[in-house]
Amino acid sequence: MKRIFPIFLVFLAFGCAKPPSPPPKLFVPTENVADILEKVYAREDSIKDVEADASVTLSSPSNHYRKQFRVRIFSDTLHFKAELNQFFGLVSGELVCFPESLVVYDPENNRVYYEFYDSVRLNPITGVHMNLRDILFASLGKLFAFDKLDTVESLEVVGETYTIKGRRNGDAFNYTFSETGIPASVQLYNDSLTSLVDIGYEGMIEDNGLFLPKKVTMINVANGDMLTMEFKNVKINRGMNKKLFEMDIPEDVERFLLK
């Protein structure tokens, strides 16, 4: 446990079941990029809340590190909460994204870590304008939860796959998705078009008539560090109590500001 939270912070600064019904198609190749983007944005906006179990793998080739653990996640349109579970479902730590900040509570070491969002500052880990909140929502396939594309440079259509190239917060942004609107991959580049973050999505999960990716892999291209999350027991738009995002933190904890 003592090594999980520091590594978790670094990466975030970065059978027999019935198969789901295929999601409906959102658009056809003849539509223009503005109409397609609006439908992609609308699909994300339709997902109001998500609850799920996730299997998380963190690996760092340069540090010869690999760790697997399970979390329970809760998300609405503004908040994201991850509970790190130990045996028998006991919660051993939690992370909560608020609209303006992120808080991580590590009870074993009696520590709390904070980050305040700054869309102007480059993330020191990823090298792009993608803070921890963005990364967490991206793990659910919600790439435009907070910031739409500033500019669109091109739209490429290959069969049933679409790739939109544009910029957001100054970063080059390639977004590939199917005609259902479900993302397939995302690449983020800096101003010199050096690839910095690569996000891949696999499979899909259906609940309540809505769809999310089943598995997401995020890679820091510069050093090979990788975060993989695979979801199950997903509940979408079932309603969520805002008290879930309240944190009960003792007053005597050590507090650290992430910069």
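The values are calculated or read from the model by the stated rules, or taken from the named source; none is laboratory data. Keep in mind it's a predicted model, so treat the numbers as computed, not measured. Note: accessible area is taken over every heavy atom of the protein model, side chains too, but ligands, DNA and RNA are not part of it. Shrake-Rupley method; radii C 1.70, N 1.55, O 1.52, S 1.80 Å.
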Convex hull around the C-alpha positions of the range 124-179: the volume in Å³ per residue is 87
With every protein chain kept in place and a 1.4 Å probe, the residues T57, T77 fall, from largest accessible area down, as T77, T57
Computed, not fitted: 222 nm per-residue ellipticity of the chain from DSSP H runs ≥ 4 (each -39500 (n - 2.57)), nearest 500, equal to -3000 deg cm²/dmol
Of the listed pairs K67/K148; K67/K214; K25/K243, those with alpha carbons more than 30 Å apart are K67/K148; K25/K243
Of the convex hull drawn through the C-alpha atoms of the range 105-259, the volume per residue in Å³ is 149
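For the chain, what % of the accessible area comes from carbon and sulfur atoms, probe 1.4 Å?
Accessible surface attributable to carbon and sulfur in the chain totals 53 percent.
Kindly report the accessible area of the chain per residue (heavy atoms of protein chains, probe 1.4 Å, no ligands, DNA or RNA), in Å².
That works out to 49 Å² for each residue.
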Once all protein chains are kept in place, S195 shows an accessible area at probe 1.4 Å, nearest 10 Å², of 40
Taking placed amide H atoms and a strict 5 Å upper bound, the residues 5 or more places from V221 or on another chain that come that close are V197, D198
Using a 1.4 Å probe on heavy atoms of the protein chains only, the accessible area for D118 in Å², nearest 10, reads 70
Taking only Cα atoms of the range 180-227, the Rg to Rh ratio with Kirkwood Rh works out at 1.10
Per the range 207-259, sqrt(5λ) over the Cα gyration tensor eigenvalues, sorted largest first, in Å, gives 28, 25, 8
For the range 252-259, Karplus-derived ³J(HN,Hα) couplings (6.51, -1.76, 1.60; θ = phi - 60°; whole Hz; x for glycine and proline) come out as 8, 6, 7, 10, 10, 9, 7, 10
Note: S62 to S195 extended length (0.36 nm per residue) minus current alpha-carbon separation gives 46.0 nm
Debye calc, one equal point scatterer per Cα of the chain, no solvent, log10 I(q)/I(0) at q = 0.08, 0.17 1/Å comes to -0.31, -1.47
